[in-house]
Amino acid sequence: MTTEDILEERGSRYGSFKDNARVSQELSRIVRNEQEFRTKRGQLPMTWYEMEALEMICHKMARIVSGNDTSYADNWDDIAGYAQLGKVPR
């Protein structure tokens, strides 16, 4: 399978890379902004693994809203998996 074949197959499921990137970055921006506000509110900052889990969830959410198949189970399963990774105890 060529790179072009892979990109075409992914695009048919997840939508265009540009749309996916835009949605993912907008969602991630909210998470990053809230990380800054946590400090201003006197709250502990999120850990690196919490931040990474949330950003990966944003990425998967972007695939769902940008793509053609919103019920593709792999996206939802990945979100559940990243949520579990994010709750590793401090």
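The values are calculated or read from the model by the stated rules, or taken from the named source; none is laboratory data. All values derive from a computational prediction rather than experimental measurement. FYI the Cβ positions are ideal-geometry reconstructions off the backbone, even for glycines, and counts take in every protein chain you see. These accessible areas exclude ligands, DNA and RNA; they are computed on the full protein's heavy atoms, side chains included. Shrake-Rupley method; radii C 1.70, N 1.55, O 1.52, S 1.80 Å.
Only Cα pairs under 8 Å and at least 6 apart count here; give the relative contact order of region 1-73 as a rounded whole percent.
49
Among the lysines, select those whose C-alpha is under 23 Å from the C-alpha of Lys18, and discard any that sit fewer than 8 residues away in the same chain.
Filter leaves Lys60.
Using the heavy atoms of the protein chains and a 1.4 angstrom probe, tell me the accessible area per residue for the chain in square angstrom.
Using a 1.4 Å probe on heavy atoms only, each residue of the chain averages 72 Å².
In region 1-65, what trypsin sites (Lys or Arg not before Pro) fall in a loop by DSSP, with at most 13 other Cβ atoms inside 10 Å?
The qualifying sites are Arg41.
Would you kindly state how much longer the chain becomes between Glu9 and Tyr49 on full extension, computed as 0.36 nm times their sequence separation minus their alpha carbon distance, in nm to one decimal?
Full extension of this stretch gives 11.4 nm more.
Within region 38-78, name every residue whose backbone N is under 16 Å away from a label modeled 7 Å from Cα of Arg22 along the Cβ vector.
Of the residues in region 38-78, 62-68 have backbone N under 16 Å from the label point off Arg22.
Which residue, chosen from Gly15, Ile30, Asn68, occupies the Cα position most advanced towards the positive end of the dipole of the chain, where the dipole is computed from +1 (Lys, Arg) and -1 (Asp, Glu) charges on Cβ about the Cα centre?
Farthest towards the positive end: Ile30.
Please give the helix 3-14 orientation as an angle from the longest Cα principal axis of the chain, in degrees from 0 to 90, rounded to the nearest 10.
70
If you roll a 1.4 Å probe over the chain with all protein chains in place, what percent of the accessible area is carbon or sulfur?
Exposed carbon and sulfur together represent 58 percent of the surface.
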